[in-house]
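Data block below; observations after.
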Amino acid sequence: MIINRNNKGFTLVEIMIVVAIIGLLAAIAVPNFVQARNAARSSTCINNLRLIDSAKEQYAIENNVASGGAATSADIVAYLKGGAMPTCPSAGAYTINNVGTLPVCSLSGSASGMTPKSHRLD
């Protein structure tokens, strides 16, 4: 009697090796993904702060508001695209501050690297 064993499949060891490789790749990729997401949120926050500051400066120029004068979100919303204040990507809140003072985010303080002349053509 001849038994023909034509098993077409993977052994348990082969499957375990594949699962181990996938786990190793996931362990490498997940921290990089989290870091990239945090970097994107940070740069979005900095850009939003720049937009708010630019709108505040445009408002001050058009309405003859001196440096140190008050500006509210209702004042500057007309100078922002879409007519709406940008929202913090990390669910923080933006404080506009007076004219000539940089806006800040409640989660990160002021935007790092953002100085009054870093984004204007003064």
Could you pull out the trypsin sites (Lys or Arg not before Pro) across the stretch 46-89 that fall in loop regions by DSSP (anything but H, G, I, E, B) with no more than 11 other Cβ atoms inside 10 Å? none
For the stretch 8-110, state which chymotrypsin sites (Phe, Trp or Tyr not before Pro) are in a DSSP loop and have at most 15 other beta carbons lying within 10 Å of their beta carbon. PHE10
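Laboratory data are not the source of any read-out in this text; all were calculated from the coordinates shown. Source: prediction; values computed, not measured. For neighbour counting, all protein chains shown are included, and Cβ atoms are generated from backbone atoms with ideal geometry for every residue, glycine included.
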